[in-house]
Every structure is written in structure tokens, then in C-alpha cells.
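This report concerns only the one structure given below.
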Amino acid sequence: MVAAVPWAAWAALRATGGDRGFPLVPVVAFTPYAAASSVLPVAAAAAARSAGGTLLAALAGAVLTGAVRGNRGTPAPVLPDGGERLRIATVSLRKGLVPAASVVELVRRHDVDLLAVQELTPDAERRLHDAGLDRLLPHAHVIPARPGAVPSASGAVWSRLPLDRRAAVPGTFEQPSARVSRASGPPVELVAVHTAPPALSPGAVRAWTGDLARLPGPVPEALRVLAGDFNATPDHGALRAVVRRGYRDAARAQGRGAEWTWRPLRLRLPRLALDHVLVDPRLAVAGCSFVPVRGSDHRSVVVDLVLPPA
């Protein structure tokens, strides 16, 4: 019975969305690993011939496994031909150290229309310009890191199409937003999301919680998209709360909501789904892929959207 208690507590935490504060928030990010190991307490309880322990461990494993499988989502139905399309991608520059050529290759190879950039630095911005990013995506909204912040707190939106209504979403790091106007119908608004990592202290968790709470919800006058590094997995209740404001998770819409986007650069594990593209429900998701970016510890999330008619 005792061996099953940690998994049972974890299952209760995940099922109730009770992951608040430190260390529960960073711990719950590893729910897929708890689910994968949930066979261990079942085996231990069975070996000890503990009927109660076996039942508790089996229930905990079922809850954890069901949650992880549920994170994947359901593939969207096949879309009809036609409709204006837009391709959005995220990229994290690992404190500005990702080679500029890697970003340019991502944009060119995948024909990206809008790029949400995190962990930009002044030097990285110069290198991206020199590498030709501005020729592929000539319109930009870059917000430099505020005084006293780390240089990589800067964020940016780069676009193939003209931008207007440039603004910012408040947060620990700079989160630019900009709109792309359309000939007919509401404009598309992209917010480059980068929340504080909730890893090491109660203060970090409070900053992360505040960042997620301040993200804007969908609005009637624009087709809003939140894209970038949320530092949150689908197992975090705070991320699910953002989605419940009215967004659709693009990866879940393609049955790929559990795909990992981050791992330590020189290690194979752990792998966590920290990067997301959340879209206005009026936008149809035609595709979602996860693309390695040389030099980055994050995979890019590349999403194909079909815009609604006017």
C-alpha cells in the first residue's frame, strides 16, 4: 500500500488541477514519466499480496495514463480545399546563441509567414539581419529587453506580410504582439509568448503563474494566436486554464498535443512539451509539425492555419 501512495498522490494532483506553488508546478511537468513508471507500484503491491495496494496503484496508473493519452487530442477532420492560409512558427534562440543560419533555414525551408521569437539578444538580432532573415520576413516588431533584465529577455515577431497595431503583453520577458491585416475579414494577431520558467523557487512559480494569467484571451475583432515558450506542459492546470478561455491548441487539433518540444541540449532526457500555439477557434488547423533547430534546446512548432472567409 505504501509504495502506491506517491503515484496516487500524483494522480490526484493531475486529476484535480491542484498543481499550485513550489515544488508542485515543476514536479507535475514530469507526469508522462510518472505514468510510464506506474507499473512499478502495481508490481510491488502484487508481489506483497496487498489487494488494497494493488487496487490503489492500478487506479493511479489508469488516471495518469489516461491524462497523458488525453493530452494528445483528436486529429481534426480533413479540410476542404480553398481558404486563405497562413503558416506560423516558433523559435527559441537559447539566450541568443542559436546560429542565425538555423533560423533562416527554418523560415526558408518551411515557407514561414509569421515567426514568434524568444530569447533574442541584440547580437542575435544583428546576426539574423546579416544572415538575410529580413529579406524573407521584411516586417518586424522587436521589443528589446528592459533595463536591468537579461539581454535574452527580448522578444520579436517577424512577418512576410505588413504588420500594424504593434503592442506588447506584460510579463517577466518581453512578449510583442502585432496584427496582419486582411483584404476582408478580421486581422490575424500574433503574440510571441515567453513566460518565466517555474523551475527553481517559489518566486519563479509565482512569476510563471502571473505570466500565464496575464495572457490575453480571444477577441471578436481579431484572430488572436499565442505562440511560443509557455514553459508549461498540458499537465499544468494553469496552461489548461489559458486554453479554456476559448483557444484551440493547434497540436491537440492534429492529435499531437503530447509531442515534446524541449530537452537539455546534450541529454536525451527529459523531454517536455513546453512550446505551444494556441489559436482563435475560428481558425482551422491544417497541420502541425515539430522541427529541430540546430543550436536550440527547443524544437520549433510549425502550424498551418486556414483563415475563415469574411
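All of Arg271, Arg263 fail the test of being in contact with a Phe, Trp or Tyr (Cβ under 9 Å, 6 or more places away or on another chain), surrounded by 15 or more Cβ atoms within 10 Å (Cβ to Cβ) and without any contact (Cβ under 8 Å) to a residue 60 or more places away in the chain, apart from Arg271.
Would region 239-249 turn up any residue that is farther than 27 Å from Ala124 by Cβ, free of Cβ contacts under 8 Å to residues at least 24 places away in the same chain, surrounded by fewer than 16 Cβ atoms within 10 Å (Cβ to Cβ) and not small (Gly, Ala, Ser)? Within region 239-249, one or more residues are farther than 27 Å from Ala124 by Cβ, free of Cβ contacts under 8 Å to residues at least 24 places away in the same chain, surrounded by fewer than 16 Cβ atoms within 10 Å (Cβ to Cβ) and not small (Gly, Ala, Ser). Of the residues Gly228, Gly287, the single one that is small (Gly, Ala, Ser), surrounded by fewer than 24 Cβ atoms within 10 Å (Cβ to Cβ) and not assigned by TED's automatic domain parsing to the domain that holds Pro26 is Gly287. When residues in region 254-310 are screened for being among the aliphatic types (A, V, I, L, M) and either over 24 Å from Pro197 (Cα atoms) or in contact with a Pro (Cβ under 8 Å, 6 or more places away or on another chain) (or both), 10 of them pass. Restricting Gly66, Gly73, Gly61, Gly21 to residues that are outside any helix (DSSP H, G or I) and surrounded by 13 or more Cβ atoms within 10 Å (Cβ to Cβ) narrows the list to Gly73. Note on region 243-263: residues that are in contact with a strand residue (DSSP E or B) (Cβ under 7 Å, 6 or more places away or on another chain) and closer than 20 Å to Asp280 by Cβ total 10. Out of region 41-89, which residues are closer than 30 Å to Leu161 by Cα, among the β-branched types (Val, Ile, Thr) and modelled with pLDDT of 95 or more? Correct list: Ile88 only.
Of the residues Ala89, Ala34, Ala29, the single one that is of a type in the set (A, V, I, L, M), in contact (Cβ under 8 Å) with a residue 40 or more places away in the chain and in contact with a helix residue (DSSP H, G or I) (Cβ under 8 Å, 6 or more places away or on another chain) is Ala89.
The residues of region 229-287 that are of a type in the set (A, V, I, L, M, F, W, C) and assigned to a strand (DSSP E or B), listed by number, are Trp262, Leu272, Val277, Leu278, Val279, Ala284, Val285, Ala286.
In the set (1) small (Gly, Ala, Ser); (2) touching a helix residue (DSSP H, G or I) at 6+ places or on another chain (Cβ under 6 Å); (3) crowded, with 22+ Cβ neighbours inside 10 Å, the condition left unmet by Ala258 is number (3).
Screening Val42, Val27 for residues that are crowded, with 20+ Cβ neighbours inside 10 Å and not in a loop (DSSP other than H, G, I, E, B) leaves exactly one candidate, Val42. Cβ contacts < 8 Å: first residue touching a residue at least 60 places away in the same chain (Cβ under 8 Å), restricted to region 54-74; second residue assigned to a helix (DSSP H, G or I) and among the polar types (S, T, N, Q), any location; separation 6+ or different chain. Result? Filtered contacts from region 54-74: Ala67/Thr31; Val68/Thr31.
The values are calculated or read from the model by the stated rules, or taken from the named source; none is laboratory data. What you see is a predicted model, and the numbers here were worked out from it, not measured in a lab. No Cβ is skipped: glycine too gets one built from the backbone with ideal geometry, and neighbour counts run over all protein chains shown.
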